[in-house]
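Below is one structure, written out as structure tokens; comments come after it.
Only the coordinates and a few stated rules stand behind these numbers; no lab work does. Computed from a predicted structure; not experimentally measured. Here the Cβ positions follow ideal geometry from the backbone for every residue, glycine too, while neighbour counts run over all protein chains shown.
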Amino acid sequence: MSDAVRQRFDAMVDAGDSERVQDRHFVALFTPESGLRYGLVDDLSWAVVDGDQLTVFQRGSELAFVEVLEHRRSEFDEWLEQGAAASGFPVDEVLFSFPTTELLQVIFEGSSQHFCRMALMWLQPSELRSLRSVLLGVAESTAWPAALRELAARLVVRE
């Protein structure tokens, strides 16, 4: 992320506007009804906090973030925008920094029909090209129900 995000994060830490979770500074940007807190940690990675447990988004931790799919995409984006603005971060940069495609890729590569359906409904047109290969995998896999395969096939961007 940009120097502006770094400077704002550091200013929040210096002002005491962050919290310490597992020896890391964390700035919460939004909290859905579940009470999980989503935000940024000191290296500007995305993280989720559940009680006193901090999970940084990285390969293997994606499923800790799956709750966001349970909300309409427009609602999620609005939460991010409001949280970034309220914290003084550049709104668009924070919005586009959320690891959406990485999260969706893991869901599409998984085996949960429930989460796959939610992920297919959550996609934005701007994400279709980067997820083309995994969408094609869903569309062509007989492991998925026909309705999911058909929905994925409609979303595959042709080369």
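Observations on the structure shown:
- Once the Cβ-Cβ distance of Asp52 and Thr31 is raised to the sixth power relative to R0 = 22 Å, the FRET efficiency obtained is 0.90.
- Relative contact order of the stretch 42-149, defined on C-alpha pairs under 8 angstrom at six or more residues apart (%): 20 percent
- For the chain, a crude dipole built from +1 on the beta carbon of Lys and Arg and -1 on the beta carbon of Asp and Glu, taken about the Cα centre, is about 680 debye to the nearest 20.
- With Cα atoms, 0 to 90° folded angle of helix 146-155 axis to the chain main axis: 70 degrees
- Cα long-axis angle, helix 73-87 against the chain (0 to 90 degrees, to the nearest 10): 10 degrees
- Degrees between helix 100-109 axis and first principal axis of the chain (Cα, 0 to 90, nearest 10): 40 degrees
- Adding -39500 (n - 2.57) for every DSSP H run of four residues or longer, then dividing by how many residues the chain holds, sets the calculated 222 nm ellipticity at -13500 deg cm²/dmol.
- Local electrostatic count, Ser2, Cβ distance below 11 Å [Lys/Arg +1, Asp/Glu -1]: -1
- Furthest towards positive pole of dipole, Pro145, Met121, Ala28, structure part the chain, Cβ charges: Pro145
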